[in-house]
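Structure, as structure tokens:
The values are calculated or read from the model by the stated rules, or taken from the named source; none is laboratory data. Bear in mind the structure is a predicted one, so any value in this text is a computation, not a measurement. Using ideal geometry, Cβ is built from the backbone for each residue, glycine included, and neighbour counts are taken over all protein chains shown. Areas reflect the complete protein model, heavy atoms only, side chains present, ligands, DNA and RNA absent. Shrake-Rupley method; radii C 1.70, N 1.55, O 1.52, S 1.80 Å.
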Amino acid sequence: MLTVGALAVVAFFAYQASASDDRPAAAGVQPSPSASPEDGSGGADGGGEGEGDEGPPPVPAESGDGRRVVYSVGQQRVWLVDTTAGGSEEIVQGTYRVFPGGIDPEPGEYAVTSRTAQGTGSDGVAIEHTVIFHTTADGTVHGFSAALDGSTPDPESGQETGAIRQTREDGDAMWLFATAGVAVVVVA
């Protein structure tokens, strides 16, 4: 019964995404910013804090090609990038700000190695839509997740993890996009 419910939720999100008027923009064409949430986190639609009328920043240069997640450590931002059927043009399906846990992954190309629908983060917070892309030799796990209570890492706590938090809305977008094996490109 739980599996049927989970499939229904995933199907609903897929339908909702396909029925949206917010179609992906081709590379070089920035989606117009929409009203961002009060928390300023933006959303998969490309809006967000500090973006004004200029729209979100473009996908970083030299961030690979093909279907991929691009994570900029310096900008604390993610881009969900796909290509047209022929692979000739890039399509930015979404971009949004994230909240790093303090231990940044090294720049490079990784791939989604595992996904977990729900669990508990290393900080003890209930999380969903965890997408893991790298585990270091010392055991630090790097991945994206969303806190069920909407919380973000507290920089004052002194606790550093490899977790990269996103809003629940952005976590839904990541979950639908970043399936097993999809490239994750980390840039400085």
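Please calculate how many Å² of accessible area region 85-126 carries per residue, with a 1.4 Å probe and no DNA, RNA or ligand atoms counted. Don't skip to the answer; put the middle values down first.
On the way: 2370 Å² over 42 residues.
Each residue of region 85-126 exposes 56 Å² on average to a 1.4 Å probe.
Expressed as a fraction of 2.2 N^0.38 Å, the C-alpha radius of gyration for region 87-159 is 1.24.
Applying 1/(1 + (r/R0)^6) with R0 = 35 Å to the Cβ-Cβ distance of S151 and I91 gives a FRET efficiency near 0.65. With 0.36 nm allotted per residue and the present C-alpha distance subtracted, the T83-A117 stretch has 9.6 nm of extension available.
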